[in-house]
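Asks: Sending over a structure as structure tokens; questions will come in a sec.
Each reported figure results from applying straightforward, stated rules to the coordinates on display, with no laboratory input. Only a predicted model underlies this, so the values are computations on that prediction, with no experimental measurement involved. When we count neighbours, we look across all protein chains shown, and the Cβ atoms used for this are built from the backbone with ideal geometry, even at glycine.
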Amino acid sequence: MVDVAREMFLQHGYGATTVAAIGAAAGVSVESIYKTFGGKPGLVRAIQEAGLAGVGAVPAPERSDALSARAISPAAIVRGWATLAAEVTPRVAPIMLLVRSAAASDPDMAMLQEQLTSIAWSG
């Protein structure tokens, strides 16, 4: 569901993408989407979280923490973080732009934007 929703949101935009269309494309019921994610804002949050996890077997935040915890050189830490950023940014940036655009007209997305921005700056 998350992958289908991501593709549809990025292709058609937040407002034009309905939960019914996502459900039909993913082969699941609208009820399943609402029970799992609570609707479109919850789906966007799940897409964002999946992007932040990266593509490795170990989620990117855990890999970042491991880099910080090891007694290695600052240059190695920065190289590791750059690698993680290069992995995660292409997955997360389009969703952040989607959230920002939708926040202008959707109160739920405005709240999500505020939450995501708060997490980014506190993290």
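Asks: With θ set to phi - 60°, apply the Karplus curve 6.51 cos²θ - 1.76 cosθ + 1.60 along the stretch 79-93 and write out the HN-Hα couplings as whole Hz, x wherever there is a Gly or Pro.
Replies: Those phi angles translate into 4, x, 5, 5, 4, 4, 4, 5, 7, 8, 3, x, 8, 9, 4 Hz.
Asks: Just to verify a number: FRET efficiency for residue 70 and residue 3, C-beta to C-beta distance, R0 = 35 Å, to 0.05? Before the final figure, lay out each step's value.
Replies: Working: r = 33 Å, r/R0 = 0.94.
Between residue 70 and residue 3 the formula returns 0.60.
Asks: Might you report the magnitude of the Cβ-based charge dipole of the stretch 1-113 about its Cα centre, with Lys and Arg at +1 and Asp and Glu at -1, to the nearest 20 debye? Numbers along the way, then the final one.
Replies: Working: 9 positive and 9 negative charges, 46 e Å.
Charge dipole, the stretch 1-113, about its Cα centre: 220 debye, nearest 20.
Asks: Now a separate question. Give me the net charge for the shell around residue 2: Cβ to Cβ below 13 angstrom, other residues only, Lys and Arg +1, Asp and Glu -1. Walk me through the numbers before you get to the answer.
Replies: Numbers: positive: 6, 40, 45, 91; negative: 3, 7, 49.
For residues surrounding residue 2, the net value is +1.
Asks: Please report, in Å, the Rg and the Dmax of the chain, where both are computed over Cα atoms only.
Replies: My reading of the Cα-based Rg and Dmax gives 16.3, 51 Å.
Asks: Something else: Give the residue from 30, 113, 93 lying farthest towards the positive end of the charge dipole for the chain; charges sit on Cβ (+1 for Lys and Arg, -1 for Asp and Glu) and the dipole is referred to the Cα centre.
Replies: With unit charges placed on the Cβ atoms, the residue in question is 93.
Asks: What is the extension gain from residue 79 to residue 25, computed as 0.36 nm multiplied by their sequence separation minus the C-alpha to C-alpha distance, in nm to one decimal?
Replies: Numbers: separation 54, 0.36 × 54 = 19.44 nm, distance 3.94 nm.
Stretched fully, the residue 79-residue 25 segment lengthens by 15.5 nm.
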